[in-house]
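Trainee: Just dropping this structure here.
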Amino acid sequence: MAAEPQLPETETRWDKWNRIADNPRWKIISETNVLASFLLAATCIYGFVQLADEVMENETESFDSAILRWFRDPTDMSRTIGPSWLEGAALDVTALGGTTVLIFVVLVTLGFLWFAKKRKALFLIGAAAIGGQIFNSALKGFFSRARPDVVPHLADVHTASFPSGHSMMSAVIYLTLGALLSRLVVGRLLRGYILGVAMLVTILVGLTRVYLGVHYPTDVLAGWAAGLGWALICLLVARILQHKGKVEQPGEKTENPLQG
């Protein structure tokens, strides 16, 4: 029997995990993920429709009110539960789902893709972000749900309540960027890290909207469902376009923008 090849002595722990993650045996899992993404996107859309129906019939009022009150001091509804610094932290985190921050994140990402010579991916991400914003505005205008009046608001709000714009647009932007950018890098560990950070930010932003009393829990759940559905659809489109060669493949070499 031939001796097994020895690993390079210079291989780091990170290299080892990347080698394991990129093993060809995982290919079937990657292919299955396409079907899973499609089914999950359909589930998100179905879940949003069902939740919207319950909200329009006022069948979630007791649940929404109970959760909002749970986050407040029973003796003073203007005060949140938890340590004194938590409210300030919630305001900082919720800003990550605000229009100004999201526009900045998208522009920075587009700038990176421009200098990295990944122009096709740039237009795809730009279209995903703009389309998500139009989708969010259309949903808000259609349902026109009033903001919660159960507890005092601890952040300024000016638009309709359902679905939560911060929650939905966080999912639309961060999850879409995470999904599409993860398709442009090599290594499953790095892809997992990008998607994990995107999911964490999306979840935290949604939770702060309820904590600050500016959204019902069902607003946030609906925002997550719609945003995740949109992100998954964008991921599927990216996979199809990459397969057809219309969007850069992961690790595809491009001209060095610092040369020439």
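The values are calculated or read from the model by the stated rules, or taken from the named source; none is laboratory data. What you are looking at is a predicted structure, and each value in this text was computed from that prediction instead of being measured. All Cβ positions, even for glycine, are placed from backbone atoms using ideal geometry, and neighbour counts span all protein chains on display. Just the protein is used for accessible areas: all its heavy atoms, side chains included, with ligands, DNA and RNA removed. Shrake-Rupley method; radii C 1.70, N 1.55, O 1.52, S 1.80 Å.
Trainee: Which count do you get for residues in region 73-132 that are in contact (Cβ under 8 Å) with a residue 12 or more places away in the chain, under 29 Å from residue 212 (Cβ atoms) and part of a loop (DSSP other than H, G, I, E, B)?
Mentor: Going through region 73-132 one residue at a time, the tally reaches 1.
Trainee: Another question about this same structure. Are there any pairs with C-beta distances below 7 angstrom linking a residue in region 142-161 that is open to solvent by less than 40 Å² (accessible area, probe 1.4 Å) to a residue that is among the aromatic types (Phe, Trp, Tyr), with the two at least 6 apart or on different chains, and if so which?
Mentor: Filtered contacts from region 142-161: 143/162; 148/216; 160/143; 161/216.
Trainee: Still on this model: Determine if region 144-166 includes at least one residue that is of a type in the set (Ser, Thr, Tyr), assigned to a helix (DSSP H, G or I) and closer than 18 Å to residue 103 by Cα. Lay out the reasoning, then the answer.
Mentor: As a first pass, look at region 144-166 and keep what is of a type in the set (Ser, Thr, Tyr): 144, 159, 161, 164.
Right, trim to assigned to a helix (DSSP H, G or I) and you get none.
The answer is no, given that none of the residues of region 144-166 is of a type in the set (Ser, Thr, Tyr), assigned to a helix (DSSP H, G or I) and closer than 18 Å to residue 103 by Cα.
Trainee: With respect to residue 30, is the statement that it is modelled with pLDDT of 85 or more and exposed (fewer than 11 other Cβ atoms within 10 Å of the Cβ) true?
Mentor: When the stated conditions are applied, residue 30 does not pass them.
Trainee: Do any residues in region 177-190 that are open to solvent by 30 Å² or more (accessible area, probe 1.4 Å) and basic (Lys, Arg) have Cβ atoms under 6 Å from those of residues that are assigned to a helix (DSSP H, G or I) and modelled with pLDDT under 75, where the two are at least six apart or on different chains, and which pairs are they?
Mentor: Pairs found: 183/238; 188/21.
Trainee: Turning to a different aspect of this structure: Can you tell me which residue is nearest to residue 95 (Cα to Cα) among those in region 199-245 that are polar (S, T, N, Q) and out of contact with any Asp or Glu (no Cβ under 7 Å at 6 or more places or on another chain)?
Mentor: Step one: filter region 199-245 for residues polar (S, T, N, Q), giving 202, 208, 218, 242.
Restricting the remaining residues to those that are out of contact with any Asp or Glu (no Cβ under 7 Å at 6 or more places or on another chain) gives 202, 208, 242.
Values: 202: 12, 208: 10, 242: 33 Å.
Only one residue fits best here, namely 208.
Trainee: Would you point out which residue out of 114, 70, 85 is closer than 24 Å to residue 218 by Cα and either open to solvent by 30 Å² or more (accessible area, probe 1.4 Å) or modelled with pLDDT of 90 or more (or both)? Even if it seems obvious, please write down each step before you answer.
Mentor: On the way: 114 fails: closer than 24 Å to residue 218 by Cα; 85 fails: closer than 24 Å to residue 218 by Cα.
Matching residue, one of 114, 70, 85: 70.
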